[in-house]
Amino acid sequence: MTASIKYDVPEGQYYGDKTRWSATLLKSAAYGGLGAAKKILEGVDIDSKAMREGRLAHLAVCCPKEWDELVVYPPEDLKEGVLDSKGNVPAIPERTKQYSERVEKWKKACPDKMHVTKREHDNALKYHAALVNSPCWSEPTNHEIVAHFEFEGRPYKARIDAERNNGDGSYTLYDWKFIGGRTGTEDFADKVELYNYYMQASLYRYAYQQAGRVVSDFILVGVDKRTCDPAHTVCLAVSDQKFEEGINDCRLWHHRIEAAQAFDYWKDPEE
């Protein structure tokens, strides 16, 4: 199988391709165990709030067409009831049947679109500003690059946030992470380890290498969702040692998932 690097692949086409495994599968297994991998392989929706916020921020940064096509719920449509003491109509609590019914109404009215609340929309723009106005920002040559390649005998896919053509035959790759929690990006290096982002970076570089491209640098960029302050956006270059560790972890979890799938046994070894 020949590896390939593609541009302008529609988001739906990329995520709709279930024949290929991805870095998300491997790092999710490393973080959440084989059960997490099983859910992904079965197509269970794992669109957590953090993943959704990150995806929206990516759209704001590098996919203006998709961003413009977002369907934003009218704020007044997600509010109901008597005025509060400040004269405002209270919002319908998100985890309620009434809220879900309103959302479903908009999905039916605008099918095949991504639906967001006004708050999600505005937060994504804040994260976008914190990235592009930071010292870490360097205008990429291309955004949202798709790689098709083979890893350990199985077809894989990767969706790289951005690349910069260095003009000497080499490329710098970027992966943007939007970091929340109590400490934000203060301990970004620790969170990169915790969430197995090195595995993701290693597999992305591997994909480029299989396509005959030289990756000179791989930069992980952390945006602080707490403050949305460009000064709190940090950069972390992936070392050769971390690449080696990451690709070895990818191989380990690849084979663990294959074995679990073959025997339909999804308990982790330590259980």
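The values are calculated or read from the model by the stated rules, or taken from the named source; none is laboratory data. Computed from a prediction, not measured in an experiment: that's the story for all the values here. No Cβ is skipped: glycine too gets one built from the backbone with ideal geometry, and neighbour counts run over all protein chains shown.
So here's what we get for this one:
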{"quantity": "In region 30-52, the residues that are closer than 26 Å to residue 209 by Cβ and touching an Asp or Glu at 6+ places or on another chain (Cβ under 9 Å)", "calculated": "30"}
{"quantity": "Subset of region 170-185 (residues that are among the small types (Gly, Ala, Ser) and modelled with pLDDT under 95)", "calculated": "180, 181, 184"}
{"quantity": "Hits in region 115-149 (condition: hydroxyl-bearing (Ser, Thr, Tyr) and within 23 Å of residue 180 (Cα to Cα))", "calculated": "117, 127, 134, 138"}
{"quantity": "Residue in region 198-207 that is of a type outside the set (A, V, I, L, M), assigned to a strand (DSSP E or B) and in contact with an Asp or Glu (Cβ under 9 Å, 6 or more places away or on another chain) present", "calculated": "no"}
{"quantity": "Filter result (in contact with a helix residue (DSSP H, G or I) (Cβ under 9 Å, 6 or more places away or on another chain) and in a helix (DSSP H, G or I)) within region 97-125", "calculated": "99, 102, 103, 105, 106, 118, 119, 120, 121, 123, 124, 125"}
{"quantity": "Selected residue (criterion: surrounded by the most Cβ atoms within 10 Å (Cβ to Cβ)) from residues of region 183-197 that are in a loop (DSSP other than H, G, I, E, B) and in contact (Cβ under 8 Å) with a residue 24 or more places away in the chain", "calculated": "196"}
{"quantity": "Residue 220 vs. criteria in a helix (DSSP H, G or I), of a type in the set (A, V, I, L, M) and surrounded by 15 or more Cβ atoms within 10 Å (Cβ to Cβ)", "calculated": "no"}
{"quantity": "Selected residue (criterion: nearest to residue 155 (Cα to Cα)) from residues of region 1-26 that are β-branched (Val, Ile, Thr) and part of a loop (DSSP other than H, G, I, E, B)", "calculated": "19"}
{"quantity": "Condition met for residue 205 (at pLDDT 95 or above, among the basic types (Lys, Arg) and under 26 Å from residue 139 (Cα atoms))", "calculated": "yes"}
{"quantity": "When residues of region 240-259 are limited to those that are surrounded by 18 or more Cβ atoms within 10 Å (Cβ to Cβ) and among the aliphatic types (A, V, I, L, M), the one nearest to residue 155 (Cα to Cα)", "calculated": "257"}
{"quantity": "Qualifying residue in region 150-160 (condition: without any contact (Cβ under 8 Å) to a residue 60 or more places away in the chain, over 22 Å from residue 31 (Cα atoms), in a loop (DSSP other than H, G, I, E, B) and not aliphatic (A, V, I, L, M))", "calculated": "yes"}
{"quantity": "Residue within region 158-179 that is closer than 30 Å to residue 33 by Cβ, touching a Ser or Thr at 6+ places or on another chain (Cβ under 7 Å) and of a type in the set (Gly, Ala, Ser) present", "calculated": "yes"}
{"quantity": "Single match in 251, 226 (criterion: in contact (Cβ under 8 Å) with a residue 60 or more places away in the chain and either more than 17 Å from the chain's Cα centre (by Cα) or not in a helix (DSSP H, G or I) (or both))", "calculated": "251"}
{"quantity": "Criterion: surrounded by fewer than 19 Cβ atoms within 10 Å (Cβ to Cβ), under 24 Å from residue 185 (Cα atoms) and aliphatic (A, V, I, L, M) - qualifying residue of 262, 211, 237", "calculated": "237"}
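Yes or no, residue by residue, for (1) within 15 Å of the chain's Cα centre (by Cα); (2) at pLDDT 60 or above; (3) surrounded by 13 or more Cβ atoms within 10 Å (Cβ to Cβ):
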residue: 33; (1), (2), (3): no, yes, yes
residue: 38; (1), (2), (3): no, yes, yes
residue: 42; (1), (2), (3): no, yes, no
residue: 58; (1), (2), (3): yes, yes, yes
residue: 68; (1), (2), (3): no, yes, no
residue: 82; (1), (2), (3): no, no, no
residue: 86; (1), (2), (3): no, no, no
